[in-house]
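As structure tokens, the structure follows; a few thoughts come after it.
The values are calculated or read from the model by the stated rules, or taken from the named source; none is laboratory data. Since this is a predicted model, take the numbers as computed values, not measurements. Neighbour counts are summed over all protein chains in view; Cβ atoms, including those assigned to glycine, are modelled from backbone coordinates with ideal geometry. To get the accessible areas, we keep the full protein, side chains included, count just its heavy atoms, and leave off ligands, DNA and RNA. Shrake-Rupley method; radii C 1.70, N 1.55, O 1.52, S 1.80 Å.
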Protein chains: 2
Amino acid sequence: MATGRTHRPATRSRGIPEATVARLPLYLRALTALSERSVPTVSSEELAAAAGVNSAKLRKDFSYLGSYGTRGVGYDVEYLVYQISRELGLTQDWPVVIVGIGNLGAALANYGGFASRGFRIAALIDADPAQTGKQVAGLPLRHSDELEAIVAANQVSIGVIATPAGAAQEVCDRLVAAGVTSILNFAPTVLSVPDGVDVRKVDLSIELQILAFHEQRKAGEEQPASAARPARGQRPGTDGDVPAVMPA
Amino acid sequence: MATGRTHRPATRSRGIPEATVARLPLYLRALTALSERSVPTVSSEELAAAAGVNSAKLRKDFSYLGSYGTRGVGYDVEYLVYQISRELGLTQDWPVVIVGIGNLGAALANYGGFASRGFRIAALIDADPAQTGKQVAGLPLRHSDELEAIVAANQVSIGVIATPAGAAQEVCDRLVAAGVTSILNFAPTVLSVPDGVDVRKVDLSIELQILAFHEQRKAGEEQPASAARPARGQRPGTDGDVPAVMPA
DNA sequence: TAGATTGTTAATCGATTAACAATC
DNA sequence: TAGATTGTTAATCGATTAACAATC
């Protein structure tokens, strides 16, 4: 998944494990909710419950950031919100572009969670000339021809791809060439990017498939036993098109 | 993340590690693409490249499913498509309901990746009476009042929640009470569910925050050093509202 | 047989967790 | 001081990876 970086262990930039980084947003959200309710302090136990993790893990995670708690008391909510925000880089402004404004792109453009966390939509870009100029989420759609100019003018370093799978790699290449170094990919394709560019992927159907796997296990429990190592009727490569399928 | 199950190790249902299960959909997608190009066989090296993982990991993953390859030759594409589909439970039909048909719900309803993998949208449900009857993706919106009846009538075991955060827990409770045992949650909240119910979460802004973290590291490299353990101006709990924030 | 590629072993690495000493 | 809760240690567990014997 190309975490870039030529010269370093790559996994841990200044020692914070990937798994911890991935949980910081969860903690931040729980803390933000507490902050809105003007709760002044919170214990690791309470916060862990709110974030849906166990408290030992939470304390270990926080220990990578520094000693921001007080023994016998807990954590100052506002202070921790700030420290985590800073660690995640959310105290600065990140201009992003969203490319591909279909249903999903429009949903993303309207998604409140971006703006409230330092992400500013610099432009919405779509390849369909008929859409150019239309407003989505209060922003005018721009044509793909302008992509490079928009990225440069706004110093965009993060791009969101919500195009159909077929267009994603080309869009990705153009974004990267224009200077984007982080990509959030919603298209169901594996993107190839040069070193130094980060790609994260959100795949709607993959999550559903994982659920189906577990659901199947719940229902069945006694499957037709899957016949351990079934003798196949044909060998690989002997017969191209007909699926060598057997109903177990 | 409540993988349910009272009576077993829970992590590995019949020995397939979670990490492997999460990659099966990736392999399946790569294989489907090969299948469409009528490629008869593929080596672990080629398939791994297409799926974006390393080949040792892929072979290890497949070894949990059985011995479906041929040494010296590779894997039969069609046969492997079938085996992985079966393992994931995609050879059966899964009726799902999508609750909350805003931008995101509509995007999900229109998403092709569902239908093509055995997921059938049994109903689109929204709380707004003004929307009831409107068509989205060729399906009429149904009102939330009908939720329980719809779940029962269609034997729905998988529910997708795309409501605002505030409504998510109540929708979740009703789905579970009606018999749903797997939930895909797009609302930015932690849902609590009884044992035996699986929840998976897709959070659009979390992915972006993780990217921002890495982006920050790329740009800065020489941050203002974050002053290791800053002396705080106040102690937790002494002063509720003012953030104990310091510009490092 | 010679070449290719799987399936598996074993070493390594990273993540999780319980437990508890430190300390507010 | 007594009670509470953090931050850290150390044990455990799971995932990744290189290497190679098995075998087509």
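Numbers for the structure displayed
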quantity: Percent breakdown of C-alpha pair distances by 5 Å bin, ordered from the shortest bin, for the stretch A:14-87; calculated: 3, 17, 33, 30, 14, 3, 0
quantity: Percent of Cα pairs exceeding the 14 Å cut-off, where the set is the stretch A:156-206; calculated: 41 percent
quantity: Per-residue ³J(HN,Hα) for the stretch B:144-158, Karplus 6.51 cos²θ - 1.76 cosθ + 1.60, θ = phi - 60°, Hz, x for Gly and Pro; calculated: 3, 4, 8, 3, 4, 5, 5, 4, 5, 5, 9, 6, 6, 10, 10
quantity: For B:Ser116, label point 7 Å along C-beta direction: distances to other copies, nm; calculated: 3.5
quantity: Karplus-derived 3J(HN,Hα), 6.51/-1.76/1.60, for each residue of the stretch B:52-60, Hz, glycine and proline x; calculated: x, 10, 8, 6, 5, 5, 4, 5, 4
quantity: Cut-off 9 Å between beta-carbons: net charge of the residues surrounding A:Leu211, Lys and Arg +1, Asp and Glu -1; calculated: -2
quantity: Interface size B-A, as summed buried accessible area [1.4 Å probe, Å², nearest 100]; calculated: 8900 Å²
quantity: Axis-proximal residue, chain B, for the rotation superposing B on A (Cβ, Å); calculated: B:Ala107, 2
quantity: Antiparallel DSSP beta bridges within the stretch A:58-175, as percent of all bridges there, nearest 5; calculated: 25 percent
quantity: Placed amide H near B:Ile121: partners under 5 Å, 5+ positions off or other chain; calculated: B:Val96
quantity: Neighbouring partner chain Cβ atoms per residue of A:16-22, average, 10 Å criterion; calculated: 2
quantity: Distant-in-sequence amide H partners of A:Val199 (H built 1.01 Å from N, under 5 Å); calculated: A:Ile183
quantity: Set of lysines near B:Lys60 by C-alpha distance (under 30 Å), chain-local residues within fewer than 8 positions excluded; calculated: A:Lys57, A:Lys201, A:Lys218, B:Lys201
quantity: Residues in the stretch A:144-158 that a label on B:Ala219 would reach, taking backbone N under 17 Å of a point 7 Å out along Cα→Cβ; calculated: A:151-158
quantity: Distance (nanometres) between label positions extended 7 Å along Cα→Cβ at B:Thr32 and A:Gln155; calculated: 4.1 nm
quantity: 7 Å along Cα→Cβ, label-point gaps from A:Glu146 to other copies, nm, shortest first; calculated: 4.2
